[in-house]
Amino acid sequence: MHVTPHMFRHTHVTILWESNVSDINYIGARLGDKDKTILLKTYGHLSKRSEQLNYEK
């Protein structure tokens, strides 16, 4: 499997979301993103783990 920097970004954001870090400004600052709409469109979908946690609530 070929690993790219984008994969690390995606994993990092997923871990933040699953850890209940929901401040989009904080996440955007960590990634160096200025446009929060792109951040939400790219990383705003639910992971399987997030979906399971929300279902259990």
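SER47 versus LEU31, label points 7 Å from Cα toward the beta carbon: distance in nm?
According to this spin-label approximation, the distance is 1.3 nm.
Name the helices (complete DSSP H segments) of the chain with a Cα length along the long axis of 18 Å or more and a Kyte-Doolittle mean of at least -0.5, or state none.
Membrane-span-like by this criterion, though nothing is claimed about a membrane: 5-18.
Could you please state how large a percent of the accessible area of the chain is carbon and sulfur, counting protein chains only and using a 1.4 Å probe?
58 percent
Bin all alpha-carbon pair distances of the chain at 5 Å intervals from 0 and give each bin's fraction as a whole percent.
Taking all Cα pairs of the chain, the binned fractions are 4, 18, 30, 24, 15, 8, 2, 0 percent.
Counting only other residues whose beta carbon sits under 14 Å from that of GLY28, what net charge do I get with K and R as +1, D and E as -1?
+2
Before rounding to the nearest 500, sum -39500 (n - 2.57) across all DSSP H runs of length at least 4 in the chain and divide by the residue total; then give [θ] at 222 nm in deg cm²/dmol.
After summing the helix terms and dividing by the residues of the chain, the value is -20000 deg cm²/dmol.
Taking a probe of 1.4 Å, how large is the accessible area per residue of the chain, in Å²?
Normalised by residue count, the accessible surface of the chain is 81 Å².
Given the Cα-Cα distance of LYS57 and ILE15 and 0.36 nm per residue of separation, how much length would full extension add, in nm?
Taking LYS57 through ILE15 to full extension adds about 13.3 nm, to one decimal.
The values are calculated or read from the model by the stated rules, or taken from the named source; none is laboratory data. Being a predicted model, the structure only gives us computed values, none of them experimental. Note that we place each Cβ from the backbone using ideal geometry, even for glycine, and neighbour counts take in every protein chain shown. For accessibility, only protein heavy atoms count, side chains too; no ligands or nucleic acids. Shrake-Rupley method; radii C 1.70, N 1.55, O 1.52, S 1.80 Å.
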